[in-house]
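One structure is given here, and the rest of the page talks about it.
The values are calculated or read from the model by the stated rules, or taken from the named source; none is laboratory data. Source: prediction; values computed, not measured. Cβ placement follows ideal geometry from the backbone for every residue including glycine, while neighbour counts extend to all protein chains displayed.
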Amino acid sequence: MIKNIIFDIGNVLADFCWRKFLSEKGFSDEMVERIGRASVLSDAWVEFDRGVYSDEEVIDFFVKNDPEIASEIHKGFDNVSGMVILKPETMEWINDLHSRGYKLYYLSNYSQKALDQCKDATSFIPYLDGGILSYTVKMTKPDPEIYLLLLSKYGLKAEETVFIDDTKKNIDAAVKLGIHGIQYKEKDQAHEELKKLLKNTER
């Protein structure tokens, strides 16, 4: 019996479109990938989302990964407005699930910088029942403690909860705790899997 639905944000409720974002800053495809390897695709990005270091310190980590493109990295990440964009179907999805009585939450690896500079991307937050952004608790998925913290904070039972995330290791971590999991690959697939799960566990 599913009562609660937890959403990741990036690539689930909003598009984390870092390649497009960097391309629109004038970088070639080759440079976009090079910047990505030094930043978004590196371990340093996890620290960005964890919120332990300042923005300046994290960008310094990116630069250390590829010092030859220091100026490009700064140009790319000194301002991240437009890097995360709300999906057009998000509010309709949220409103539909709420109207059917489900409690909705978010659990996302998310930096304060992205929250501050991509405000429209998280405009759905006031319409959910709660959630956790990683930078606020200095933990990131797939650390089991961040899932347990969310369950505890809102009094949720794992077996009554489903988690939707685009990253398999994050889903696997939730499932190990007894939470149902759906890996978001694309809109229709995720919506259909959720629909089937909810139907099979109707209250």
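Worth pointing out:
- The combined condition, being outside the structural domain of T122 (by TED's automatic domain parsing), exposed (fewer than 15 other Cβ atoms within 10 Å of the Cβ) and either free of Cβ contacts under 8 Å to residues at least 60 places away in the same chain or under 30 Å from L149 (Cα atoms) (or both), is not fulfilled by S99.
- Among residues of region 170-191, those that are in contact (Cβ under 8 Å) with a residue 24 or more places away in the chain and either at positive phi or under 13 Å from the mean Cα position of the chain (by Cα) (or both), counted: 2
- Only one entry in Y147, Y135 is in contact with a helix residue (DSSP H, G or I) (Cβ under 8 Å, 6 or more places away or on another chain), of a type in the set (S, T, Y), surrounded by 18 or more Cβ atoms within 10 Å (Cβ to Cβ) and within 25 Å of E57 (Cβ to Cβ), namely Y135.
- The residue list D8, D43 contains one member that is over 24 Å from K185 (Cβ atoms), out of contact with any His (no Cβ under 8 Å at 6 or more places or on another chain) and of a type outside the set (G, A, S), which is D43.
- Taken over region 136-169, the criterion of being part of a helix (DSSP H, G or I) and among the polar types (S, T, N, Q) is satisfied by T136, S152.
- Criterion (among the acidic types (D, E), under 26 Å from L148 (Cβ atoms) and surrounded by 14 or more Cβ atoms within 10 Å (Cβ to Cβ)) met by exactly one of E47, E72: E47
- Region 155-169, residues that are surrounded by fewer than 20 Cβ atoms within 10 Å (Cβ to Cβ) and over 15 Å from I2 (Cβ atoms): G155, D166, T167, K168, K169
- Of all residues in region 31-65, those being touching a Ser or Thr at 6+ places or on another chain (Cβ under 7 Å) and within 17 Å of M83 (Cβ to Cβ) number 7.
- For region 106-132, taking the residues that are among the small types (G, A, S) and under 12 Å from the mean Cα position of the chain (by Cα), the one that is surrounded by the most Cβ atoms within 10 Å (Cβ to Cβ) is identified as S108.
- Some residue of region 60-78 being touching a residue at least 24 places away in the same chain (Cβ under 8 Å), of a type in the set (S, T, Y) and out of contact with any Gly (no Cβ under 7 Å at 6 or more places or on another chain): no
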